[in-house]
Amino acid sequence: MNDTLLKPPSNTHADFRMRVLLPYPLESAYDYALDEPLPRGTLVAAPLGSRICTGVVWGEADGTIAHERIKRAAALDGHPRLPESLCDFIDWTARYTLTPPGLVLAMALRVRDAFEPERPRLGYARGQITPPRLTPPRARVLALAEDGLARSAAALAEEANVTPSVVRGLIDAGALKEVALPEFAALACPDPDYAPARLNAEQEQAARQLTATSPTGFSVTLLDGVTGSGKTETYFEAVAEALRQNRQVLILLPEIALTVQFLDRFAARFGCRPAEWHSDLSTKERRRVYRAVLAGEARVVVGARSTLFLPFPSLGLVIVDEEHEQAYKQEEGVIYHARDMAVVRARIENAAVVLASATPSLETYVNAESGRYHWLKLPRRHGAAVMPEIRLVDLRNTRSEPGTWLSQPLREALAVTLGAGEQAMLFLNRRGYAPLTLCEACGHKLVCQQCSAWLVEHRYHRKLACHHCGFEMPAPLLCPQCKAEKTLVACGPGVERVAEEFATVFPEARTAIASSDTLHGPLETQAAIRAMAKRETQVLIGTQIVAKGHHFPQLTLVGVIDADLGGSDGDLRARERTFQLLHQVAGRAGRAEKPGLVLIQTRNPDDPVMQALASGQRDAFYAQEIEARKRVAAPPFGRLAAIILASHDGNAVRETGRALARAAPKAHGVKVWGPTPAFYQLLRGRTRERLLVQAERSVDIQAYLRAWLARVKIPNAVRLTVDIDPVSFF
Ligand code: ADP
Ligand code: ZN
């Protein structure tokens with residue numbers, strides 16, 4: 001856009017003023033003087049205090065800095081420019097989340113040295129000249145170089161068994177010429193026609209509609225298909241179409257663990273793997289992908305939520321797989337929801353968005369129902385697979401020994417499955433051995449000193465751990481309170497404890513525990529998934545890291561150990577979340593020819609969530625949930641924002657909370673609740689209080705918050721965080 005170019009200033013100085021955004025938590029962009037007008041997105045070196053920082057030209061000067069105080073910035077020559085649409089997206093995100101724009105920019109630039117010119121690695125190949133003096137060592141080197149390949153000087157010396165000075169002599173004589181070695185092989189380009197799937201009739205129809213909408217500009221489509229219906233196969237057709245249109249594609253997955261199987265599937269369809277983006281990449285890989293995205297060479301990028309801030313110059317399609325996942329909400333730093341921001345980015349880029357899920361978020365569902373989003377449905381599993389049978393096991397009526405968690409019906413079903421040579425999965429969304437350790441003598445509970453949270457026993461590692469701050473201690477022998485011996489008991493189950501019980505009942509079965517404590521990093525997760533896929537593991541006992549997305553054809557039984565864990569009145573999304581999670585878990589069963597069975601253990605079989613799961617009446621559940629939210633004007637029928645105050649100084653937190661509450665502006669359609677102690681009153685040693693703003697949909701909640709926060713001086717010791725559209729309430 002040319003309107004960001006500055007007209008020559010009227011003063012005699014031949015300099016041009018522009019706003020430059022620096023990647024720091026400053027309130028706004030600052031004016032700088034430049035030698036020439038530069039387009040938005042241009043990288044510049046700009047002084048800030050005594051430092052020189054990399055900043056980005058952001059737009060016209062706003063004239064707030066006096067002439068004599070203005071500093072000079074200079075374009076970083078030879079550096080690529082950030083796409084203007086990314087700058088717009090950064091501004092939008094900053095405004096929406098009430099974050100200083102520089103912090104959002106920092107997130108988008110977070111690749112160390114991404115803009116440093118690539119330092120060419122030099123190699124040497126056979127040159128034109130034959131040296132006058134051809135000693136045997138020299139001859140050996142030249143013979144080696146006859147093949148025309150470039151090698152580093154060190155490699156030549158080593159391979160020809162000569163000293164480095166021999167090689168240097170040949171270089172000086174011109175017998176070897178310098179050539180740049182490419183640092184990386186170029187990224188492979190996915191081929192849209194490599195191996196298209198033979199779609200079934202329903203997939204075909206959905207794919208046709210997706211490809212019809214996608215290349216024509218901004219649109220949002222909910223791809224609503226039951227687990228195993230082939231949503232991936234279907235949206236791959238939209239990916240293929242975007243590739244044919246020469247546009248880039250971004251595929252968001254909620255967790256890195258899911259990318260492993262995904263990359264292989266993608267390669268089978270498109271002939272090569274897509275570029276990846278997540279926190280586990282090395283700095284070098286990050287740099288490479290960042291540059292390839294910016295150069296338009298990375299045609300398809302798969303990654304976690306931060307992929308959204310990559311500098312795509314020609315983004316045409318964004319896929320948000322498992323769009324309902326809470327993992328899309330970033331809870332630290334810049335607090336944003338990647339699914340919502342994906343829609344925003346797509347609108348700015350004039351791109352299409354596909355939100356895929358078997359259990360859409362209520363927000364998306366309502367948008368689809370109202371016609372704001374396109375709604376494509378895949379109501380059946382692909383091929384011979386049918387939806388699994390889901391049965392509730394009423395724990396109130398099944399007798400079991402105290403301290404055991406596998407009910408008789410579940411044990412019987414496991415025996416049948418293992419007898420038939422099939423696989424099973426036991427799901428419990430709790431890491432470790434037991435969530436609580438209690439003294440039987442005095443009732444003392446072992447809690448973290450830094451967090452108001454129970455210490456979780458990890459028996460395998462013989463320790464107690466806080467899942468919030470990472471505090472760990474060896475399991476004590478005496479009760480820390482009453483000093484009694486052998487009175488500490490483990491209460492409730494974690495996956496380790498379920499695995500222990502399982503092993504006593506089925507000592508022969510090959511099991512694996514899958515939780516973030518037992519699988520360290522993507523490689524181990526990958527190995528565990530492969531072992532399950534190859535049937536080396538018969539029974540996988542895991543937390544939600546195994547619940548989602550995976551496809552194990554021989555997995556026919558899923559047991560949900562405690563369906564009531566999600567709670568039903570914890571927060572406004574508890575019911576929705578429980579439904580989604582358990583539905584996803586259930587969806588792992590019977591995905592191929594053999595039918596699946598799901599047993600859900602619960603003490604509340606009459607609960608609407610359990611009933612909806614057992615009867616398969618998903619839409620009835622959504623209808624009920626929508627009514628409940630409407631009644632209380634909860635999202636998406638109203639808006640929410642949370643303010644969280646935290647400090648090591650408890651009094652400062654409470655005082656600030658009260659001051660904020662007193663200063664809350666009166667506004668029509670806005671209610672302010674709190675301050676109240678947060679769910680975890682103490683977290684990592686900080687006292688925490690929360691305030692909640694509830695507003696009607698028509699209210700500009702950001703404007704309200706800005707006006708409000710401008711009225712109160714927040715002490716330095718207190719950290720204030722604004723969470724727009726909060727999804728968790730801890
Ligand atoms: P979803 O994402 O909807 O749960 P997937 O896309 O994972 O479903 O598909 C489930 C399984 O069915 C996968 O193994 C997939 O390869 C297979 N599948 C789906 N559609 C087709 C098709 N048209 N042709 C061949 N296999 C398919
Ligand atoms: Zn802690």
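Please report M425, M387, M18 as a ranked list, fewest other C-beta atoms within 10 angstrom at the top and most at the bottom.
Least crowded to most crowded, the residues run M387, M425, M18.
In the stretch 252-345, which GluC sites (Glu not before Pro) are in a loop and have at most 10 other Cβ atoms within 10 Å, using DSSP for the loop call?
Filter output for the stretch 252-345: E332.
Starting from the amide H of K71, placed 1.01 Å from N in the peptide plane, find each other amide H under 5 Å away whose residue is 5 or more places distant or on another chain.
Residues meeting the criterion, in which the H sits 1.01 Å from N, are A33.
Need one word for the stretch 279-359: rounded, prolate or oblate. Basis is the Cα gyration tensor (sqrt eigenvalues a ≥ b ≥ c); a/c below 1.5 gives rounded, then a/b vs b/c decides.
It is oblate, given that a/c is not under 1.5 and a/b is not larger than b/c.
Dividing the convex hull volume of the Cα atoms of the stretch 120-175 by its residue count, what figure in Å³ per residue is obtained?
Looking at the stretch 120-175, the number lands at 73 Å³ per residue.
List the residues, sorted by chain then number, that are 5 or more residues from R591 or on another chain and whose placed amide H is less than 5 Å from its amide H.
L555
What does the C-alpha gyration tensor say about the overall shape of the stretch 474-611? Classify as rounded when a/c is under 1.5, otherwise prolate if a/b is larger than b/c, or oblate.
Because a/c hits 1.5 or more and a/b fails to exceed b/c, the stretch 474-611 counts as oblate.
Hey, got a sec? Which trypsin sites (Lys or Arg not before Pro) in the stretch 569-653 land in a DSSP loop and have at most 16 other Cβ atoms within 10 Å?
Loop-located and lightly packed - R603.
Round to the nearest 10 and give me the degree value, 0 to 90, for the angle of helix 164-173's Cα axis relative to the longest principal axis of the chain.
Its long axis makes an angle of about 50 degrees.
Could you state the per residue volume, in Å³, of the convex hull enclosing the Cα atoms of the stretch 155-244?
Taking only Cα atoms, the stretch 155-244 has a hull volume of 206 Å³ per residue.
For the stretch 587-730, calculate the relative contact order in percent as a whole number, restricting contacts to Cα pairs under 8 Å that are 6 or more residues apart.
Computed value for the stretch 587-730: 28 percent relative contact order.
For K71, go through the aspartates and glutamates and keep the ones whose alpha-carbon is under 12 Å away, minus same-chain ones fewer than eight residues off.
Qualifying aspartates and glutamates at Cα under 12 Å: D15, D31, D35.
Of K329/K548; K463/K483; K445/K713; K231/K594, which ones are farther than 28 Å apart at the Cα?
Violating the 28 Å Cα-Cα cut-off are K445/K713.
Averaged over all directions, how much area does the convex hull of the C-alpha atoms of the stretch 417-516 cover when projected, in nm²?
Directional mean of the projected Cα hull area for the stretch 417-516 stands at 7.2 nm².
Quick one: what are the phi-derived ³J(HN,Hα) couplings along the stretch 665-670, Karplus 6.51/-1.76/1.60 with θ = phi - 60°, whole Hz, x for glycine and proline?
x, 7, 8, 5, x, 10
Could you tally the net charge around K71, taking each other residue with its Cβ under 14 Å from the Cβ of K71, Lys/Arg +1 and Asp/Glu -1?
+1
Pull up all non-local amide H partners of Q481: gap of 5 or more, or a different chain, and H-to-H distance under 5 Å with H placed in the peptide plane.
none
Most exposed first by the Cβ proxy, i.e. fewest other Cβ within 10 Å, how do Y235, Y704 rank?
Listing Y235, Y704 from fewest to most nearby Cβ atoms yields Y704, Y235.
Based on the Cβ-Cβ distance of K71 and R244, what FRET efficiency does E = 1/(1 + (r/R0)^6) give at R0 = 56 Å, to the nearest 0.05?
Efficiency for this residue pair is about 0.70.
Angle, helix 338-349 long axis vs. longest principal axis of the chain, Cα atoms, 0 to 90°, nearest 10?
Helix 338-349 and the main axis of the chain meet at about 40 degrees.
So how do K548, K177, K231, K666 line up by other beta-carbon neighbours within 10 Å, fewest first?
K666, K177, K548, K231
Net charge near A356: determine it from the other residues with C-beta under 13 Å of the C-beta of A356, scoring Lys and Arg +1 and Asp and Glu -1.
Counting the neighbours of A356, the net charge comes to -3.
Using θ = phi - 60° and the Karplus relation 6.51 cos²θ - 1.76 cosθ + 1.60, list the HN-Hα couplings for the stretch 239-253 in order, rounded to whole Hz, with x at every Gly or Pro.
Result, ordered by residue: 4, 4, 5, 4, 4, 5, 7, 6, 10, 7, 10, 10, 10, 9, 10 Hz.
What are the ³J(HN,Hα) couplings of the stretch 98-109, residue after residue, when phi is run through the Karplus curve with 6.51, -1.76, 1.60 and θ = phi - 60°? Round to Hz, x for glycine and proline.
Per-residue couplings from phi come out as 6, 10, x, x, x, 6, 5, 4, 4, 5, 6, 9 Hz.
What Cys residues in the chain are without a partner cysteine, judged by a Cβ distance under 4.7 Å?
Here C53, C87, C189, C272, C469, C491 come out as lacking a disulfide-compatible partner, given the Cβ-Cβ threshold of under 4.7 Å.
Sequence gap at least 6, Cα distance under 8 Å: using those rules, report the relative contact order of the stretch 373-494 to the nearest whole percent.
Once divided by the residue count of the stretch 373-494, the mean separation gives 21 percent.
Just to confirm the number: angle between the C-alpha axis of helix 408-419 and the first principal axis of the chain, 0 to 90 degrees, nearest 10?
Roughly 50 degrees between the two axes.
What do you get for Rg/Rh of the chain when both radii come from the Cα atoms and Rh is the Kirkwood radius?
1.02
Out of the GluC sites (Glu not before Pro) in the stretch 439-530, which ones are loop residues according to DSSP with at most 11 other C-beta atoms within 10 Å?
E508
So how many Å³ per residue does the convex hull of the Cα atoms of the stretch 636-712 work out to?
Dividing the Cα hull volume of the stretch 636-712 by its residues yields 87 Å³.
What does the stretch 194-331 give for Rg and for Dmax, in Å, if only its C-alpha atoms count?
14.5, 44
Would you mind calculating the relative contact order of the chain from Cα pairs under 8 angstrom and at least 6 residues apart, reporting the percent as a whole number?
Normalised by residue count, the contact order of the chain is 10 percent.
Read the figures in this text as sums done on the coordinates, not as results from a lab. Here the structure is a predicted model, which is why all the values come from computation and not from measurement. Here the Cβ is made from the backbone with ideal geometry for all residues, glycine too, and neighbour counts use every protein chain on show.
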